[in-house]
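Data first, discussion second: the structure below is written as C-alpha cells.
What follows draws every value from the coordinates through simple rules; no lab data is involved. Fair warning: this is a prediction, and the values are worked out from it, not measured in the lab. Cβ placement follows ideal geometry from the backbone for every residue including glycine, while neighbour counts extend to all protein chains displayed.
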Amino acid sequence: MAKALTLKELSKKEVLISPGHRMCAGCGAPTVVKMVLLASDYPIIAANATGCLEVSTCISDYTAWKIPWIHNAFENAAATISGVETMYRSLKKQGKIDKEIKFIAFGGDGGTYDIGIQSLSGAMERGHDMLYICYDNEAYMNTGIQRSSATPYGADTTTRPAGSVVPGKTEQRKNLTKIMAAHNIPFAAQASPSHWSDLVKKVRKALDITGPKFMNIISPCNRGWRSRTDDSILLSRLAVETCFWPLYEIENGITKITVKPKEKKPVIDFLKPQGRFKHLFKPENEALLAGIQADIDREWERLQKEEACFAS
C-alpha cells in the first residue's frame, strides 16, 4: 500500500494538468483532477467523457493534459478505458510492455449518473482494473444547467425552474456511490477537494487495489450553483460539515466514515450561499427546508449505523 503524502511532498510533484485551460474561474473540476493526478505514483492513462472538463481542457490541437488522454463520447468513458486496460493486460502478457500503468476515467454527473451509467455498470461488473472518478457538479452544466439525477432536491435549474407552482427539483438525487458499491467492487468512496488529504489517500488506496474502483467527488460549479467564483473550497467544505456530502469509503463491503465533522452544521449553511436554493428561504418554503434537513439527518444516521455494524 502506498504511503500517505504530505503537502510538502505533493508540492514537489509535477502538476499533470497545465494552467491556461478554459475551465471557468473558480470551477471545482480542475482542482479535483489536479489532486487526483498528484496523488498517483504510477503513470496514468485517462479517458474523459464529453462534458465541461473535456471541452475546456482540449480545444482543437491544444490540450492541458500532460498524460495520455482519450476523449470519448458522453456515454462511454468507462467502456473506452476498460478496452485500453484490456489491451494493456494483453501486451503485458506478451512481454511487450513491462511498466505498471494505471487507468482512470473521468466524467461529470451527467456522463456518469445518467448517460454513462450503462457502460460504467458494465465495466464494474466485468471487473476491469480501473478507477472511475465522477466530478459531481450536480447538473448538466456544460449544456445549460439542466437537471441531472445528481441534482439535489429543491435546486433551481433551467429544466426544473423554481416558480410559483414547482419549487425547483422535486425528486431526490440518486445515491450513485451506493449503487456502485452494490456491484460488489473492492472500493467505492466519496471525497471532497476541501479535504485534500482524505481525497489523496483514497486515490492512492484505489490505485493500489486490483479491480474496479469508483470515487464520487463533489465539484462546485459557480455558474450552475450561482455562487461566488472564490467559494469552491468553502462550499465543498460546508457540504462535508453539514453532512450533505459525507466522506466515507466502502472497501470490500465494509463501510468506514473517513471524516466526521466535529460539529455537524445545519444544511442551510451550505444552501444559503447558492443562488440555486434562494427560493427555499421564502417563508412559504420553510417546510421544504425542514424536509431537506430531515433527509440529511436520516441519511447521516443510516451511514453511521452501517459503519457501526461492521465495527461491532
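Quick look at the values:
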{"read-out": "Magnitude of the charge dipole, the chain, Cβ model with Lys/Arg +1 and Asp/Glu -1, debye to 20", "value": "500 debye"}
{"read-out": "Most to least packed among 286-295, 209-218, 68-77 [average Cβ atoms within 10 Å]", "value": "209-218, 68-77, 286-295"}
{"read-out": "Rounded tilt (10° steps) of 232-241 against the dominant C-alpha axis of the chain", "value": "70 degrees"}
{"read-out": "Over the chain, relative contact order from alpha-carbon pairs under 8 Å, at least 6 apart, %", "value": "16 percent"}
{"read-out": "Crossing angle, helix 77-93 versus the chain [Cα axis fit, 0-90 degrees, rounded to tens]", "value": "20 degrees"}
{"read-out": "Pairwise label distance in nanometres, residue 121 with residue 171, each label 7 Å out on the Cα-Cβ vector", "value": "1.4 nm"}
{"read-out": "Eligible aspartates and glutamates near residue 93 by straight Cα distance, threshold 18 Å, same-chain separation 8 or greater", "value": "85, 129"}
{"read-out": "Cross-link partners of residue 305 among lysines (Cα-Cα below 28 Å; sequence separation of 8 or more within a chain)", "value": "174, 178, 201, 202, 205, 213, 256, 260, 262, 264, 265"}
